[in-house]
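The values are calculated or read from the model by the stated rules, or taken from the named source; none is laboratory data. Fair warning: this is a prediction, and the values are worked out from it, not measured in the lab. Heads up, the Cβs are rebuilt from the backbone with ideal geometry, glycines too, and the neighbour counts pull from every protein chain shown. Accessible surface areas use protein heavy atoms only, side chains included; no ligands, DNA or RNA. Shrake-Rupley method; radii C 1.70, N 1.55, O 1.52, S 1.80 Å.
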Amino acid sequence: MARTGRRPGNQDTREAILVAARQAFSEKGYDGASIRQIATSAGVDPALVHHYFGAKDQLFLTTLQVPIDPGKLIPQIAAGGVDGIGERLVRTFLSVWDSPAGGTAAALMRSAVSHDWSARMLREFFTTQILRRAMKHLDLDPAEAPLRTSLVASQMLGLAMARYIVRFEPLASAPPETVVAAIAPTIQRYLTEPLQ
C-alpha cells in the first residue's frame, strides 16, 4: 500500500512521480496508465499526484514537456465550425511553432525520430490529446473521423518536419500567410470533402 504524504528524506517527490509516470505511459500508454498506479509506483498517495500535476492530462503533458495545452487551443480552432477550419488550424500551428514553444516542439520531434519511447509518446500525445479532442469538437462521421484526423496529423507533422526540423527552402523561410494559403485547403479537404 502506498504511503501518504511526502516521501521521507531528501528525495524529490515531484521527480519521483514524473519518473513513475514516464514508465507507466511508456509501458501502458495513456489510456492504460492510471493515477493510482503511478502514485503507487512513486510511493506516494494519489492526492499528491493531483496536487503537483492536476488531472491525468496535465501529468501526461508535463511528462512529455509539451509546450502547449491542446485542451485550450482545439476549442478555439473549432469554434468557427468546419468552414475555414483548415485555415485556422494551420495558422494556429504556425503561431505555436514560430513562438518560443517551437523550440521545445522541435526537440520532441527530433527525439521521436530517433527513440522508440519518444515516438510512442508522441503518438499517444497526438492520439489522446489532439485527435480525440478534435473529433469531439467537429461533426465528423464516426466511421471516417480516425482516418480524417490521421491525414491531418500526417500533413501537420510533415509541415513541422520540413519547415522547422529539416528546414527545406523555400518552405522554411516562406511567410506564414504563404504557408497557410498553400496548406489550409488540403487540411480543409481532409476534414470536410469526400476522401475518394
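Within the set 118, 114, the sole residue that is at pLDDT below 85 and either more than 21 Å from residue 30 (Cβ to Cβ) or out of contact with any helix residue (DSSP H, G or I) (no Cβ under 7 Å at 6 or more places or on another chain) (or both) turns out to be 114. When the stretch 111-128 is filtered for residues that are open to solvent by 60 Å² or more (accessible area, probe 1.4 Å) and either within 13 Å of residue 32 (Cβ to Cβ) or assigned to a helix (DSSP H, G or I) (or both), the ones remaining, listed by number, are 113, 114, 116, 117, 120, 123, 127. Of the numbered criteria (1) in contact (Cβ under 8 Å) with a residue 60 or more places away in the chain; (2) in contact with a Pro (Cβ under 7 Å, 6 or more places away or on another chain), the one residue 57 fails is (2).
Does residue 155 qualify as being modelled with pLDDT of 90 or more and either part of a helix (DSSP H, G or I) or among the small types (Gly, Ala, Ser) (or both)? Taking the combined requirement at face value, the residue satisfies it.
As for the stretch 28-37, it holds at least one residue that is modelled with pLDDT of 90 or more, farther than 30 Å from residue 187 by Cβ and polar (S, T, N, Q). For the stretch 129-141, a residue qualifies if it is touching a helix residue (DSSP H, G or I) at 6+ places or on another chain (Cβ under 7 Å) and either part of a helix (DSSP H, G or I) or on the phi > 0 side of the Ramachandran plot (or both), and the qualifying residues are 129, 130, 131, 133, 134, 135, 137.
Residues in the stretch 144-156 that are under 18 Å from residue 178 (Cα atoms) and aliphatic (A, V, I, L, M): 156 alone.
A single entry from 142, 146 fulfils the requirement of being surrounded by 14 or more Cβ atoms within 10 Å (Cβ to Cβ) and either in contact (Cβ under 8 Å) with a residue 40 or more places away in the chain or not small (Gly, Ala, Ser) (or both): 146.
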